[in-house]
Amino acid sequence: MDDRDQNDQDRKRMIGRWRVAPLLRLYRPALVAAGIGILLSLAAAFAVAQWEDRVNKVEFESAADTEAIVMQNGMNEYISRLMALRTLFESVNEEITRSEFETFSGRLFEHHPGMLRIAWLPRVNRKERAEYEAAAIADGISGYRIKSLQSDGGFATAPQREEHFPIFYSTQPKTSPVYGMDYASIPDRWPAIERARDNDRIAALTARLYEPRVGGELPNAMVIVPVYAKGTSRETVADRRRNLAGVIVGIFDLPLLLQAIRATTAASPAISVNVYPPFTGRIVSLEQSLPDFSSSQSAPQSMRDVAQGRHWSGSLRIGDTDWQVRAVPAAGGPLVTAYDRALTVLAVGLLLTGFLTAYLVLASRNSRRLSLANRRVLELAQTDILTGLPNRAFFLGRLDEINREMREGGMTFAILMLDLDRFKNVNDSLGHGAGDLLLRQVAQRLKAALREHDVLARLGGDEFAIIQEGCDDQRVCSVELASRIAKLVAEPFFLPGHRLEIGTSIGIAIAPQHGDDQEELLKKADLALYRSKSAGRNCFTIYDEAMSAELEARNTLEGDLRDAIARCQLEVHYQPFFDVTSTERRGFEALVRWRHPARGLIRPDQFIPLAEETGLIVPLGEWVLRRACEDAAAWPSGERVAVNLSPVQFKEAELFDVICAALEDSGLPPERLEIEITESVLLERGVENLAFMERLKSIGVELALDDFGTGYSSLSYLTAFPFDRIKIDKSFIRSLTLRPHSAAIISSIVTLARGLDMSVTAEGVETQEQFDRLKTLGVNFAQGYLLGRPQPIAQIGPEMAAVRARLDAA
């Protein structure tokens, strides 16, 4: 039984080793990387910590030096004021009176807190004692007498001695018991007086006040300044002892004084400063050595506590005595070494080590997962998020593959480029959310129209592309597919609360008939798409070679047009319009013409659409407006000039300023300018365009709705926008004498215009019969070849004479 248990245990240990050994081999790189990473992280963190400590120590010592200098300078300022009082005593011929002393002392330390009191201690010999006591009593010091300090802390009349140094003047009230106190009788103060006298230097010592003080006993510093008789020598010690007149004693409230100095000089809060009393012969333990002043109660107080951490040692010199200064970094301040960089280096090192270790651990067992994830990422990168269709990247990759297969196997395929018609109107009117929903529905319909192996992709915006392959007759198949797609997209789409009808323009390129290069095929499909858009949209076009020639010609024409605008090769021709009733000329319509140096006069319908597509219509339109205003300014005052504005110009924010500038520069009154606007302008930016038109009306410019009846012809435009005139399109005038319906439509337009207080102009009047019929229908103005062709301004006179003759004859 025991042998069997032992065998089971051995077998378990062996199985455990078999399991552990592969794991160790598997994770050996991770374990090695972890060990090396931890060692390197610790070494780097230690090196950075050492560097941080050195930098912080230098910054701390520099800040502490600065604080010590600031305190010393502040203390010197107080001492210098005591020296000014000494100068007063040594410079006057007569004795300083008590009131003069009090006044001068008060002003001297008026804005210097920390000075507790100032006293004048004259040198009084045995013979002068009675005289001084009597003088003090005469000054109002009741019961003044020279007193000595007793062992119990009280005062008694001082015994006679060779000389006394009693308090004679003081900033204390006259009732203070300190008056008459003889410093010569106080053991610790008499040696200080002797030092000051013999060395002609300021002496200082720590002092205890012999008078009750609010707040209890606080650390005080006593400063003794020797004063010598005026004009006497002080070269030798004997001279100084003989000529000493007395001493000035100043007592500082040391904590208050130092706090005032730090507050005045905006001391650094990053440094905590302790000031300890001077070292004496009496031995005091470091633990019992507490500061006279501490800038922070949270900082260490005793010298022993200060010495245990980073600190700075220095001294504060007051007279001939040094107070000990110790500075430490303020708790939580910037000078406390927090080892942030070292900890950051350690954390980053351990983090990188952890990441590397985890990566190495997971790399082997997650290789398959990684492969699957990479495949999924690739799918997402080649998928349009909005519609779920393949995107441009996938489409181009698949097109490249099919292109290679075509070269190798001789197969054919077609590329269909699709662009949705009127999609922008949906986005502008219903918002991008509705546009996104519409794109999803379009994608579903397109997928329903394709075979499984056909490729459908969304290239961006409202552009889609299809690769169709595997047909015997690729041209026929692509035409059938384009027809099917056009019908599907033309059917209504239903969005929440809306029924939408759009269309699609399709361009088709077939390989290898139209090329075998990817870029070439895409370019040709785009050209065919452009042709479909130009042909009226919602149709499809198969590429032919003429399209490339047209593109090249179009690019050439665009370049020539840019040069023409820059070189002023354009002309403005004027076509008159007449009052139908009176046959009087009422003005001209300005029409731009391009006189090409090689091709001659180019018709507007050949370059105006190009100018609108390329944006050249903006500078071109401004030039026409300015020229028309300049020419019209010289006409009779009753004649107007009409200028057409392109929908592209309406999108320019500066258009109103351009019109105002043209009027101002030419001197043409605004009421003689008529702006003609087509209905397409009113379809977009309705609020902005209405505001613009109202601004034009406010300055007197008249507005005409051009080509009425050929576009959307919404009657709401006539009531919503402030038009003065309606211009009936020439297509109605051309059929006026042939179709009764045209006359009925014109009559209705005239009636409507009269009701809205608008006038009516008929365009394209070419025969006398048309003119007479329009007059019968009540049209106000007429314009056309019968009345005058567009002519340069220099030819207007002769042309008008012939027109007048024809009208008079009629």
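Could you give the longest part of the chain that holds none of the GluC sites (Glu not before Pro) found in DSSP loops with at most 13 neighbouring Cβ atoms within 10 Å? Longest gap between qualifying sites, sites excluded: 288-451.
Over the Cα atoms of the range 716-794, the radius of gyration divided by the Kirkwood radius equals 1.00; this is the Rg/Rh ratio.
What is the chain by shape, rounded, prolate or oblate, if you read a ≥ b ≥ c off the alpha carbon gyration tensor as root eigenvalues and call it rounded for a/c under 1.5, prolate for a/b larger than b/c, and oblate otherwise?
Values: a/c = 4.85, a/b = 1.95, b/c = 2.48.
Oblate, because a/c is 1.5 or more while a/b does not exceed b/c.
Tell me the angle of helix 432-449 to the major Cα principal axis of the chain, expressed in degrees between 0 and 90 and rounded to the nearest ten. Between the helix axis and the principal axis of the chain, the angle is about 50 degrees.
I'd like the FRET efficiency for residue 480 and residue 375, computed as 1/(1 + (r/R0)^6) with the beta carbon distance as r and R0 of 41 Å, rounded to 0.05. Don't skip to the end; give the middle numbers.
On the way: r = 36 Å, r/R0 = 0.87.
Rounded to the nearest 0.05, the efficiency is 0.70.
Partners of residue 730 within straight-line reach, counting lysines whose Cα lies under 16 Å from its Cα and excluding those fewer than 8 residues away in the same chain: 775. Between the C-alpha center of the range 597-640 and that of the range 513-590 there is a gap of 16 Å. Counted by neighbouring Cβ atoms within 10 Å, the residues 165, 732 run from fewest to most as 732, 165. Can you tell me the 0 to 90 degree angle between the C-alpha axis of helix 740-755 and the longest principal axis of the chain, rounded to 10? With both axes taken from Cα atoms, the answer is about 40 degrees.
Shown for the chain: cysteine residues without a partner Cβ closer than 4.7 Å, namely 539, 568, 629, 660.
In a Debye calculation with equal point scatterers on the alpha-carbon sites of the range 555-809 and no solvent, what is log10 I(q)/I(0) at q = 0.14, 0.15 Å⁻¹? The computed values of log10 I(q)/I(0) come out as -1.01, -1.16. Rounded, prolate or oblate: which fits the range 92-255, taking a ≥ b ≥ c as square roots of the Cα gyration tensor eigenvalues, rounded meaning a/c under 1.5, else prolate when a/b beats b/c? Here the range 92-255 falls in the rounded category.
Note on residue 651: lysines with a C-alpha under 16 Å away, same-chain residues under 8 apart excluded, are 424. Taken as Cα centroids, the range 645-671 and the range 391-428 sit 45 Å apart, rounded to the nearest whole angstrom. The angle separating the long axis of helix 254-264 from the principal Cα axis of greatest extent in the chain is about 20 degrees.
Explain nothing, just the number: relative contact order of the chain, from Cα pairs under 8 Å at least 6 residues apart, as a whole percent. Intermediate values should be presented prior to the final figure.
Values: 1235 pairs, mean separation 62.8, N = 810.
The value is 8 percent.
Under the definition of Cα pairs under 8 Å and six or more residues apart, what whole-number percent is the relative contact order of the range 387-543? Relative CO of the range 387-543 lands at 29 percent.
Read-outs: derived from the displayed coordinates by stated rules, not from any lab. Predicted model only: the values in this text are computed from it and were never measured. We place every Cβ from the backbone using ideal geometry, glycine too, and count neighbours over all the protein chains shown.
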